[in-house]
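Engineer: So that we are looking at the same thing, I have put the structure below in C-alpha cells.
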Amino acid sequence: MPESFEEKIRDAIANPKNMGEMRDADAVGTVGSPECGDMVRLWLKFTEKGGKKVIDRASFQSFGCQTAIAVASLATELLAGKTVEEARQLGASDLSEPLGPLPPMKIHCGQMVEGALREALRVEGEAQEEPISSPGHRAVEASAATLLDSLSTSGVPAGKKLRIVKLN
Ligand code: FES
C-alpha cells in the first residue's frame, strides 16, 4: 500500500486508467497552463439512468507532469456513474482525493484536471459557468480532435516543428 505522496503518484501512473482519445465522446474539455506549459484534455460520454444524464465513461490525454496524469486517471474513474450535477460539484481536491492533499507546488496540476472537466461540462451545455474557473489556466481549442491537434495549432509558431518528448 503506497504511503507517501510520491509512492501514490508512482502507483497511479504505473497503470493509468482511461488514457486516450474517446472518438464517440459527447463532450471534450481542454485546458493548458501558461505557467508550466502542461495540458490536459478530458472526454466525457453520457448515458441516461433513471431519467438523469449520467457520465457513462471518461477518458483523458495529458501532456503534463506525473501529478496531472495521476489526477486525470483517478478522475476518470471517479466520474463514471456520476450525474452531470454531481460532476459539477467536484473540485480539484475531490478529483485528487486518493492521492491525499497535493503539495503546494502541485495544486495547479489538480486544478487543471478540474478545469478540463468544467470545460467539458460547459461544452456539453449543462453548465452555465464561464470557461475555466481555475486561475492560471485557459481553455484551448476544444474543437480540435485530439490534444496533439490542439498542440499542433496553438502556441506553435508558424513554420516551427513540434517535438513531443514522452517522460518516463
Ligand atoms: Fe503543471 Fe503539473 S506542473 S500540471
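What follows is calculated from the coordinates using simple rules that are stated; it is not laboratory data. Here the structure is a predicted model, which means the values were calculated and not measured. Note: ideal-geometry Cβ built from the backbone for every residue, glycine included; neighbour counts use all protein chains shown.
Engineer: Please list, in chain and number order, the residues 5+ apart from Val54 or on another chain whose amide H is under 5 Å from its amide H, with Hs placed from the backbone.
Structural biologist: Thr47, Glu48, Lys49
Engineer: Another question about this same structure. With 10 angstrom as the radius, rank Ile107, Ile69 by how many other C-beta atoms surround their C-beta, starting from the fewest.
Structural biologist: Details: Ile107 16, Ile69 24.
By the 10 Å Cβ count, ascending: Ile107, Ile69.
Engineer: If we count other beta carbons within 10 Å of each Cβ, what is the order of Met22, Met112, Met105, fewest first? Mind showing how you got there, number by number?
Structural biologist: Working: Met22 20, Met112 30, Met105 10.
Taking fewest neighbouring Cβ atoms as first place, the list is Met105, Met22, Met112.
Engineer: Can you list the residues, at least 5 places off or on another chain, whose amide H is less than 5 Å from the amide H of Ala27, using H built in the peptide plane?
Structural biologist: Leu44
Engineer: For segment 24-40, just list the computed ³J(HN,Hα) in residue order, Karplus coefficients 6.51, -1.76 and 1.60, θ = phi - 60°, integers in Hz, with x standing in for Gly and Pro.
Structural biologist: These are the phi-based 3J(HN,Hα) values: 9, 5, 8, 8, 9, x, 10, 9, x, 9, x, 6, 9, x, 7, 9, 9 Hz.
Engineer: Only counting other Cβ atoms within 10 Å, I'd like Lys45, Lys8 sorted with the fewest neighbours first. Intermediate values should be presented prior to the final figure.
Structural biologist: Details: Lys45 15, Lys8 19.
Lowest to highest Cβ neighbour count: Lys45, Lys8.
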